Amino acid sequence: MSLIEFFGNHTYRMVFFGTMVIGIVAGALGSFAYLRKQSLISDVISHAALPGTLLAFLTAVTVLGIDGRNMIGLIIGAMVVGTIAALFANAVTRATKIRIDTSMAVTLTVFFGAGMLLMRVISDGAFPGKGGIQDYLFGNASVMTVSDLRASVIVGGIALVIMLLFFKEFALRSFDPQHATVLGLNVRLIDTLTFTAIVLAIVIGVKSVGLVLMVAFIVTPPAAARQWTKSLGAVVTLSAIFGAVGSGVGAYLSIAMVNAPHRSADRVDPVRHLRCVARVLSATQYRHDGACSSSRSQRPSTRIGDRMSFVVGTALLAVVTAVACALPGVFVVLRKGSMLVDAIAHAVFPGIVVGYALTQNFDSPVLILGPALAGLIVVAGAEALNRTGLLSGDSPQGLIFPALFSIGVIMVTTQFANIHLDTHMVLAGDLNLAAYEQLEIGGVAVGPQYLYVMIGMLVVNAVFLSVFYHHLKVTTFDSQFASSLGIRSNVVNMAFMFLVSVTVTAAFNAAGAILVIALMITPPATAYLLSNNLPTMIGITVVVAIVGALVGFGAAYVLNAATSAAMSVLYGIFFVLAIGLERFRRRRRQRASQGELVVSPTV
């Protein structure tokens, strides 16, 4: 396609200029997230923007009685909730012993889980204008209108103005937060303004780019710019230029290579083709022709005495999946790798696509091994980039997993364009579908087939953690001491992260790419708040995982909601309660110590 043909088409012009605006604003503001070593806060904000967008839609439709798809209204909702999420993640780190990576992972899953619950409410309700609301999950630049472009320019301009007005304060807070406090700056106000500007940069792109790939817009341009210069002003400027050029050229190449049709009804929406591909992890369960025709599972009828109750089987599956994920999650949290699970979960998708492209067989073990190896590539790649010293913080992860996810999207677009996707399935999983097919022994159904897959995964995790418990403990808390004992920390770490990748892959069908993070991170994070003893922490983790799974499943069953989303929100509630309990215990210890100081012995 020639440039004349490209710019002669109104839709293509909107895509080109719209993505360029997003690239400029996200590149400039992303520089401060990069310098604060919180590049993946963009992932938290973009996922938290989902419930904000949906709340704004519901408010507009039910309360104000206006069009719920108004771009400015949706941006305001996403901005408010996204800012709250960013501030909450940082507040947890300041107020507790939870590290920023774990805080971001918990915040991401809780807010996204709430968004998926709201999405179910909207999809089940008779709300006018709800069509296309799911585009905010994966983005669809081809539906951008002139009013959307105008709104993006206005909101993006506001974000840039905030940055310019408080440039010195942002810089000082990013490079030397203690000095900023000494100078008397209102650090919390500066943080709020910084995250508000970053949120604005992100939310204007969610509709066009989607939740996942907005990370690339925030991370990649500043990471590239930082290699060229050490001047903050130059980094921000180059980052904005790289963002604009990359977005514009990418938009042109994607349209020119795919040769997208002119009619919006026939637009290319590649990620909507992932549903069956995501299910290949348990493909033998879904061989019937209608497996990919409905986004809602059908609960089979049961006969007392010849098969396990469907409800009981699904509840057991929820419990086993939660415990299987939570056990390795204890060491993930302690090793400061919580957001690495986020990267691995996203890398599962391209691993599935590549595995199927190579084998063309849904039953091939490559479809398990491929995603696990893709997760290991994320781990090894992030460690390799960290060792170069060229990148800081969590930016290596933010560079790798969006690239892998993009490769999967491109392959699906070009190779599997006839496959339909249920976005709920990819992001949140579906326990009902995972539990649909029953395992029969001697003509008697003994529970869901997938339940026994996850029982096997649970056994593998338990055996691995038991056998290598001391190796994991010493390499987690003192890697130098481990080296003196002859323990190769890098080998232990790679073996453990491969186990994490396999676990995420196995749980993908039940929990999806995002909410599997909640199962693996939130219960251990809650236990970490309540205990400093490792065996006790493991025990509390298992209890929280089981209780959250049962109560979350029960709530989802009653409310007809996504089970993994309900579990994620419930785990978040447990986490907040644990924060309150931990702070209460801390204050009580402080009062007790102060009382001991003022009481003097009598003679």
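Quick notes on this one:
- Filtering region 201-220 to residues that are at pLDDT 85 or above and open to solvent by 10 Å² or more (accessible area, probe 1.4 Å) leaves F217, T220.
- Taking first residues from region 427-444 that are more than 10 Å from A511 (Cβ to Cβ) and partners that are among the hydrophobic types (A, V, I, L, M, F, W, C) and modelled with pLDDT under 70, the Cβ contacts under 8 Å between residues at least 6 apart in sequence or on separate chains come to L433/M425; Q438/M308.
- Region 140-196 - residue that is acidic (D, E), more than 30 Å from R13 (Cα to Cα) and part of a helix (DSSP H, G or I) and, of those, modelled with the highest pLDDT: E169
- Hits in region 163-177 (condition: among the aliphatic types (A, V, I, L, M) and open to solvent by 30 Å² or more (accessible area, probe 1.4 Å)): L164, L165, L172
- Residues in region 331-358 that are closer than 23 Å to Y452 by Cα and of a type in the set (V, I, T): V348, I352.
- Residue count, region 114-139 (criterion: at pLDDT 75 or above and over 24 Å from the mean Cα position of the chain (by Cα)): 4
- Only a single item in (1) open to solvent by 50 Å² or more (accessible area, probe 1.4 Å); (2) modelled with pLDDT of 85 or more; (3) β-branched (V, I, T); (4) over 29 Å from L367 (Cα atoms) is not met by V599, and it is number (2).
- Residues (over 13 Å from F331 (Cβ atoms) and of a type in the set (S, T, N, Q)) located in region 490-502: N490, S501
- At least 2 residues being of a type outside the set (A, V, I, L, M, F, W, C), at pLDDT below 90 and crowded, with 22+ Cβ neighbours inside 10 Å is the threshold, and among the helices (runs of 4 or more DSSP H) wholly inside region 461-549 those reaching it are 489-530.
The values are calculated or read from the model by the stated rules, or taken from the named source; none is laboratory data. This is a predicted model, so every value here is computed, not measured. Neighbour counts are summed over all protein chains in view; Cβ atoms, including those assigned to glycine, are modelled from backbone coordinates with ideal geometry. We work out accessible area using only protein heavy atoms, side chains counted, and drop any ligands, DNA or RNA first. Shrake-Rupley method; radii C 1.70, N 1.55, O 1.52, S 1.80 Å.
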